1. Report, in debye and to the nearest 20, how large the dipole of the chain comes out about its Cα centre when Lys and Arg carry +1 and Asp and Glu carry -1 on their Cβ.
2. Please work out which option in (i) 30.0, 115; (ii) 16.6, 49; (iii) 19.4, 76 gives Rg and Dmax of the Cα atoms in Å calculated from these coordinates, and answer with its label.
3. Please give me, ordered by residue number, the trypsin sites (Lys or Arg not before Pro) of region 123-160 that lie in loop per DSSP and have at most 10 other Cβ atoms within 10 Å.
4. Would you list the P(r) distribution for region 12-91, with all Cα-Cα distances sorted into 10 Å bins from 0 and each bin expressed as a whole %?
5. How high is the FRET efficiency between residue 31 and residue 62 when r is their beta carbon distance and R₀ equals 25 Å, given to the nearest 0.05?
6. What nm value, rounded to one decimal, do you get for the distance between residue 160 and residue 108 when each label is placed 7 Å out toward the C-beta?
7. Rounded to the nearest 5, what is the percent of antiparallel bridges among the DSSP beta bridges in the chain?
8. Which far-off residues, 5 or more places away or on another chain, put their amide H under 5 Å from the one on residue 99, with H placed in the peptide plane?
Amino acid sequence: MARKEIDKIIKAHLKGGGASPAPPLGPALAAAGIQVMDFCRQFNDATRERAEETLPTEIIVYKDKSWEYRIKTPLTRDLVKKELGIETASPEPNRVRVGELSRQQLERIARIKMPDLNTSDLEMATRIIAGTCRQMGVNVEGYYWEIAKGPTRAEIEAAEKAAADAAAAEAAEEGAEEEGAEAPAEKADAREEKK
């Protein structure tokens with residue numbers, strides 16, 4: 001059987017069991033000539049038990065308008081967050097650390113991701129995963145990354161807010177003192193007018 005000629009490959013990150021015809025997926029599929037609801041129904045049925053995961057998916061459209069999809073391994077960031085039990089990565093990964101992976105956890109994630117990485121060597125795969133961890137603000141056993149010196153963004157914002165609050169309070173005090181000083185002068189003017 002001759003190989004089909006590929007017309008287009010559409011890449012998307014879809015929640016397990018959560019594909020919908022809404023943008024950006026629906027318009028991209030419609031433009032490629034795919035029945036959007038057929039794809040959503042098939043994908044959702046196949047991935048319903050993986051509802052917690054974001055699944056990188058490739059939809060391959062052939063010249064004869066037939067199609068198939070391939071689900072890749074979950075995103076590395078999702079695997080790391082699940083392994084550490086954290087909700088989000090660090091807002092400032094070069095300053096704020098949100099967790100630490102052991103060597104065993106790192107290797108477990110690397111084995112899961114191995115089919116999608118451009119290496120078949122476990123050591124190289126762990127280095128790739130460790131690089132993602134660094135960008136997330138996660139320490140990894142056996143790797144050392146220097147943390148930037150100085151205050152974090154959150155500390156800077158807190159200091160700026162405190163300074164703004166202090167300035168507002170000072171302005172309010174000065175305004176109250178001026179009103180207090182004006183009041184006796186107004187009373188004196190009122191007395192003079194009565195005379």
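Bear in mind these aren't lab numbers, they're just calculated from the coordinates by the rules spelled out. All values reported here derive from a predicted model rather than from experimental measurement. Here Cβ is always computed from backbone atoms with ideal geometry, including for glycine, and neighbour counts include all displayed protein chains.
1. The calculated dipole for the chain is roughly 1900 debye.
2. Working out Rg and Dmax of the Cα atoms in Å from the coordinates points to (i).
3. Here the sparse-neighbourhood loop sites are 149.
4. 18, 46, 25, 10, 1
5. Efficiency, from the Cβ-Cβ distance: 0.95.
6. Between residue 160 and residue 108, the label points sit 4.0 nm apart.
7. So the antiparallel bridges in the chain amount to around 80 percent.
8. Amide H to amide H, under 5 Å and 5 or more residues apart or across chains, residue 99 pairs with 139.
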